[in-house]
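Just below is one structure, and these are the notes that go with it.
The values are calculated or read from the model by the stated rules, or taken from the named source; none is laboratory data. Since the model is a prediction, treat every value here as computed from it, not as a measurement. Cβ atoms come from the backbone with ideal geometry, glycine included; neighbour counts cover every protein chain shown. Surface accessibility is based on the protein's heavy atoms, side chains included, excluding ligands, DNA and RNA. Shrake-Rupley method; radii C 1.70, N 1.55, O 1.52, S 1.80 Å.
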Amino acid sequence: MLRMTIEGVGFDHLKQTVVVLKDWEGRKLLPIWIGPAEARSIAFQMEGATPPRPGPHDLLMTCLQHSGGRITRVVINDLQDSTFYATIDIDTPGGLLHIDSRPSDAIAMAVRAKCPVFIDGGALDALIDMSNEESGESESGDSAADDETGDEADLFADLSRSAASPSSTSPAPASSAATPPDEDIDRFKRLVGDLDL
């Protein structure tokens, strides 16, 4: 089991949303392609923004807290057919629960709970070893990182550098009820920079 940090949220070269996890030593990356709503939820929380109304992850966190539950960790524990799997470990008055989850939702909950994120099992095979970046080598098995070339390793290196944790360079969101899609894209660009990969 390997503890990871949430490096950030960004776009790949096709403008698909990606959350990037990095090991504590900064040598290995795990990019996970996620939906825009989950990416927005993670990004809002990472930059300390408060939406005008609670989103689904905020609502779930409030329900957990009111029922005496506490998220202790998130584990991205498998990769099958290019799909990652995760669990959310919740300490409740009745004991520890392991809840099956999509990694995007688990990560969105982890940033709210300020709990550790780990990878284990088949997900370890998808790690990209950045210490081999110069030679274009990577660690990969039966994973989404198969057949990775040096150019793709560079793409992930650039994504990782650009998706660094926000430094409050973007303003808090306006208190409008809905954000037009163009504003969402502009918001992500301010958060992680425009990635021309």
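How charged is the neighbourhood of Ala110? Take every other residue with its Cβ under 11 Å from the Cβ of Ala110, and add Lys/Arg as +1 and Asp/Glu as -1. Before the final figure, lay out the partial values.
Values: positive: Arg73, Arg112, Lys114; negative: Asp89, Asp105.
Summing Lys/Arg as +1 and Asp/Glu as -1 gives +1.
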Exercise. Can you tell me the accessible area per residue over the range 31-115, all protein chains present, probe 1.4 angstrom, in square angstrom?
Worked result: 51
For this session: Would you check the accessible area of Lys28, probe 1.4 Å, heavy atoms only, in square angstrom rounded to 10?
Result: 50
For this session: Using per-residue counts of other Cβ atoms within 10 Å, averaged over each peptide, order 99-112, 45-58 from highest down.
Result: 99-112, 45-58
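When a/c is below 1.5 the answer is rounded, else prolate if a/b is larger than b/c, else oblate, so apply that to the range 1-109 with a ≥ b ≥ c taken from the square roots of the Cα gyration tensor eigenvalues.
Values: a/c = 1.84, a/b = 1.26, b/c = 1.46.
It is oblate, given that a/c is not under 1.5 and a/b is not larger than b/c.
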Exercise. Any idea how far apart His13 and Asp129 come out in nm if each label point goes 7 Å out from Cα toward Cβ?
Worked result: 2.3
Exercise. Carbon and sulfur: what percent of the range 15-127's accessible surface (1.4 Å probe)?
Worked result: 53
